[in-house]
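Student: Below is a structure I'd like to ask you about.
The values are calculated or read from the model by the stated rules, or taken from the named source; none is laboratory data. Keep in mind that this is a model prediction, so the values were computed, not measured. So basically every Cβ, Gly included, is an ideal-geometry build from the backbone, and we count neighbours across all protein chains shown. Ligands, DNA and RNA are stripped out before the accessible areas are found, and what is left, the full protein with its side chains, is counted by its heavy atoms. Shrake-Rupley method; radii C 1.70, N 1.55, O 1.52, S 1.80 Å.
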2 protein chains.
Amino acid sequence: MSFDGRKVILDPEEMPREWYNILPDLPKPLPPPLHPVTKEPIKPSDLEPIFPKELIKQEMSDERWIRIPEEVLEVYRLWRPTPLIRAKRLEEALKTPAKIYYKYEGVSPPGSHKPNTAVAQAYYNMKEGVERLTTETGAGQWGSALSFATRLFDMKCTVYMVKVSYHQKPYRRILMETWGGEVIPSPSDRTESGRRILEKDPDNTGSLGIAISEAVEDAAKHENTNYSLGSVLNHVLLHQTIIGLEAKKQFELIDEKPDVLIGCVGGGSNFAGFCYPFIKDAEKEGIRIVAVEPAACPTLTAGEYRYDYGDTVGLTPLLMMYTLGHDFMPPPIHAGGLRYHGDAPTLSLLVAEGVIEAVAVKQIPTFEAGLLFARTEGIVPAPESNHAIRVAIDEALKAKEEGEEKVIAFNLSGHGYFDLAAYDDYLYGRLKDT
Amino acid sequence: MSFDGRKVILDPEEMPREWYNILPDLPKPLPPPLHPVTKEPIKPSDLEPIFPKELIKQEMSDERWIRIPEEVLEVYRLWRPTPLIRAKRLEEALKTPAKIYYKYEGVSPPGSHKPNTAVAQAYYNMKEGVERLTTETGAGQWGSALSFATRLFDMKCTVYMVKVSYHQKPYRRILMETWGGEVIPSPSDRTESGRRILEKDPDNTGSLGIAISEAVEDAAKHENTNYSLGSVLNHVLLHQTIIGLEAKKQFELIDEKPDVLIGCVGGGSNFAGFCYPFIKDAEKEGIRIVAVEPAACPTLTAGEYRYDYGDTVGLTPLLMMYTLGHDFMPPPIHAGGLRYHGDAPTLSLLVAEGVIEAVAVKQIPTFEAGLLFARTEGIVPAPESNHAIRVAIDEALKAKEEGEEKVIAFNLSGHGYFDLAAYDDYLYGRLKDT
């Protein structure tokens, strides 16, 4: 470990070798996913047409620790361990007595936390003889992580990208193709689902729900092909816990104790990855854990806690979660990764039980926070991450009012180099304050 | 220091505290810059209208080591020390017995090596009471580094950006504005030089030469305003030597000795920064040093070694350098940072004296190399850096033929996230092989 008062850098051998599974530590058992047709709890075999056995096992495991395979660690080492950084310049700008730390996940080649699970998923699929993975992507964060990960294990990747994003955001499409991913604008004529939609509406510009249907159908119908999801499911959140496990170690090594942990929430994967490893002892140690979502898609703060479908069309299992309804259409905010009608079931349960606080913030204040961060700390954050920064700044200002030397920590899930059009809208007053 | 067989990470206290000045170690004295009108060697006072005294002193210093101010080190720590990485996956793909290492400068917030000097220049100007810096930018690498650096010292920054790039590459413009830089499409009506050009040709789309004229005029005519250059001059190359000094230490700590060092060359700043600290002992230790330039702008390999102007219009001092003529217009290759008619005088002298080898490569093979790098090592390199990668791969293949366990090292000067349109052209066969 090294620490210059600013960056906490773990040595390679200090990188965690196990992921942390929250399931055995939940305050009550997780309500099971239900089959979309029978409404009965789903069985492992129901998932086998599209997921490898090892990931299904992890999805339902009650082991607290799950060993990270050496081959996955070897790929993680391309960019991990990631730094924990004290935002000293931001603290000075705010004139706060609080200390602000952030864990920076934007150092991965695809620029976000997403490869933590993409690499693991690609690996387990490869081990079970799968040659191609399919997935959907909106803005392209997840699709680029999976294109990157599959390439490293010599697999193929087919990404169904929401058609409007495919045309409006060519940079992420090119990034996926640079790593060898095949990117299909969705709806497409590759699948029954796509063709049916195009027949009715040839100009349909697509949605994440449609893209999911196409990716799942493609995987179910083809040999040696599986489907891969970037958030919500237990095994996905599990793989992300390397973030929080590293952060926990980093705090311990510099003898610092966070008072509040903050992350932004779409499906919940970066938030869970950062915060779950702290949850078991949070109450005892007086750590508050805060989930931040966009006011435009206020699942945790205004949704209902009930069973709902994960996709728009109703093909996926029913999950017990906070939901705005599976047909909810959020306004087109720039934080595309946070526009999801539901939330991870484990996260939903922890919010319902009062273990995690939830707060919703509007778009303009998040960019105001992101701009101040860029102008003090240098890094230009992703619009999603700006939600976490907004609340970290609010907490630091509260600490200033109250004269408290609080320790505030948040997860900086990714950089904003592919989201500069959003900053342009903000700088030139074109951003809607939804 | 930590080393996992792949990444060599220096501890913060191992970061160099002095820059290395090549001037006293040159095999012969550097021919002085000449005044553009009198053709006499320029005096320090000639430069004072646009540069601070400390940088003029550094430009002409014969001290071998120059102390890095603590305030500059403090900013460097935002992203430095940078990693030296062994490209194991690339080696495996090439099936070469050679070891390939790269120093990665893309981890800085602006994404390249440029802030190493931008931060130093902003600092010294601030210390001497300068409140605003002006500069020119083509594709935007340098302009974004200076916008970033000036913001950290509470200064203003005005960037004259070649008009055609301003409109074609909005992302770099927005990046500069996100850090608070003011970006003016050049030619503009802000300056006499710009107005004169627009009068004759209102649709002029600009050139780097015109943008330099505007930036210099703006600085010379306004109080508390100086001009800042991103390459070519001695003090600029000096600030970049932190790259090579770190790399040297990293090699020593893992007990490895490079056989060949490779960098791409536009004006020479990233190349010099990486290689200069190795030059003094290169012959003794049998290290070859290779400068790579684009075949489309073959300054070192096909230019003449003579006095020429640094800009197109002929306003700057005459420099003794390899040049294609100050009116040479290179074809529009994607490696915008390598499209310069001349080269740094120190680098030119070292090539003329046979200390440094020079090689020119065509565009398509550089992208072929960059794509292989992205698909093995993960990082998508800048088109400029692809030139260095091309030659590193060629050296590794030669080592394979000859069955040699050579150690090859190159500088990866920046990432290519803002250059994905170039990769798109390559992937879809639209790239010209100039």
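Student: Using square roots of five times the C-alpha gyration tensor eigenvalues, list the equivalent-ellipsoid semi-axes of segment B:1-88 in whole Å, biggest first.
Tutor: They are 36, 17, 12 Å, listed largest first.
Student: Quote the convex hull volume per residue of the protein assembly as shown, based on C-alpha atoms, as a whole number of Å³.
Tutor: 156
Student: Treat each spin label as a single point 7 Å out from the Cα along the C-beta direction, and report the residue A:433 to residue A:95 distance in nm.
Tutor: 2.4
Student: Please report the buried accessible area for the interface of B with A, total over both chains, probe 1.4 Å, in Å² to the nearest 100.
Tutor: 4000
Student: Modelled label-to-label distance, residue A:285 and residue A:352, 7 Å Cα→beta-carbon offset: nm?
Tutor: Between residue A:285 and residue A:352, the simple spin-label model gives 2.7 nm.
Student: Taking only the alpha-carbon atoms of segment B:54-206, what semi-axes of the equivalent ellipsoid follow from 5 times the gyration tensor eigenvalues under a square root, in whole Å, largest first?
Tutor: 32, 24, 14
Student: Taking all protein chains in place and a 1.4 Å probe, what share, in percent, of the accessible surface of chain A do carbon and sulfur account for?
Tutor: 50
Student: A follow-up question, please. With labels modelled as points extended 7 Å from the Cα through the Cβ direction, what inter-label distance (nm, one decimal) is found for residue B:40 paired with residue A:40?
Tutor: So the two model labels end up 10.0 nm from each other.
Student: Something else now. At 25 °C and 0.890 mPa s, grab the translational diffusion coefficient of chain A from Stokes-Einstein with a Kirkwood Rh over Cα pairs, rounded to a whole number in µm² per second.
Tutor: In µm²/s, the coefficient rounds to 114.
Student: Can you name the residue in chain B whose Cβ lies closest to the B-to-A rotation axis, and give that gap in whole Å?
Tutor: Checking which Cβ lies nearest the axis yields B:417, 2.
Student: A follow-up question, please. Over the Cα atoms of segment A:144-244, how large are the radius of gyration and the largest Cα-Cα distance (Dmax), in Å?
Tutor: 14.3, 47
Student: Turning to a different aspect of this structure: Which pairs break 20 Å Cα to Cα here: A:7/B:7; B:53/B:103; B:7/B:114; A:257/A:362; B:39/B:280?
Tutor: B:53/B:103; B:7/B:114; A:257/A:362; B:39/B:280
Student: Residue A:220 label points, 7 Å along Cα→Cβ, one per copy: pairwise distances from this copy to the rest in nm, shortest first?
Tutor: 7.3
Student: Once the label point is placed 7 Å from Cα along Cβ, list for residue A:281 the distances to the corresponding points in the other copies, in nm, shortest first.
Tutor: 4.6
Student: Also, I was wondering about something else. Sorted from largest to smallest, which semi-axis lengths in Å does the alpha carbon gyration tensor of segment A:120-199 give for its equivalent ellipsoid, taking the root of 5 times each eigenvalue?
Tutor: 22, 16, 8
Student: Comparing the chain by itself with all protein chains present, which residues of segment A:375-408 are at least 40 Å² less accessible (probe 1.4 Å)?
Tutor: Residues passing the criterion (a loss of at least 40 Å², heavy atoms only) are A:375, A:378.
Student: If each DSSP helix of 4+ residues adds -39,500 (n - 2.57) and the sum is divided by the residues in chain A, what number results at 222 nm, nearest 500 deg cm²/dmol?
Tutor: That calculation yields -11500 deg cm²/dmol at 222 nm.
Student: Something else now. Provide the per residue accessible area, probe 1.4 Å, for chain B, rounded to a whole number of square angstrom.
Tutor: Spelled out: the 1.4 Å probe surface of chain B, per residue, equals 36 Å².
Student: Hey, what's the Cα Rg ratio for segment B:170-296 versus the globular rule of thumb, 2.2 N^0.38 Å?
Tutor: Dividing the Cα radius of gyration by 2.2 N^0.38 Å gives 1.44.
Student: Would you mind classifying segment A:151-198 by shape? Square roots of the alpha carbon gyration tensor eigenvalues, ordered a ≥ b ≥ c; an a/c under 1.5 is rounded, otherwise it is prolate if a/b is larger than b/c and oblate if not.
Tutor: oblate
Student: Suppose you put the label 7 Å out from Cα in the Cβ direction; list, shortest first and in nm with one decimal, how far residue A:357 is from each other copy's label.
Tutor: Nearest first, the other copies' label points are 6.3 nm away.
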